[in-house]
Amino acid sequence: MTQTTGRFFDEIGKLLTDAAGAADGVRKEVEGVVRTQAERVLSDLDVVQREEFEVVKAMAQKAREENELLKERIAALEASSTAKPKSTAKKAS
């Protein structure tokens, strides 16, 4: 009786192991299908990928920095032009 009971539990163990392997395979298959569908939906919505977003973000930051430098340069040029007296008018004789 002990021999048949042990063998019964061995068979149940094998069955559960096989079932777990099958379930893992199904899980991977479902993940693949869901990922494919999600990519298709995002593609249809024209959602920007993270890498593209980061590139544009860096470009915008650089443009802001350049803009600030140009503002400072313009302010310095305007300050220097107003500091010099304009003597372009000729005296009439």
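Axis of helix 2-44 versus longest Cα principal axis of the chain: the two differ by about 30°, to the nearest ten degrees. Placing dummy labels 7 Å off each Cα toward the beta-carbon, the span from Val47 to Asp18 is 4.0 nm.
When the chain is treated as a Gaussian network with alpha carbon springs shorter than 10 Å, the biggest mean-square fluctuation among Glu65, Glu78, Glu54 belongs to Glu78. Between Ala63, Ala83, Ala23, the Gaussian network model of the chain with springs among Cα atoms under 10 angstrom shows the greatest mean-square fluctuation at Ala83. With a Cα cut-off of under 29 Å and a minimum spacing of 8 residues unless on different chains, the lysine pairs in the chain number 5.
As a calculated quantity, the FRET efficiency between Thr5 and Val33 at R0 = 41 Å, using C-beta atoms, amounts to about 0.45. Taking Cα atoms only, the orientation of helix 50-83 departs from the longest principal axis of the chain by about 10 degrees.
Any read-out appearing in this document is the output of simple, stated calculations on the displayed coordinates, not a laboratory observation. It should be emphasised that the depicted structure is a prediction, and the values quoted were computed from it without experimental measurement. Neighbour counts are summed over all protein chains in view; Cβ atoms, including those assigned to glycine, are modelled from backbone coordinates with ideal geometry.
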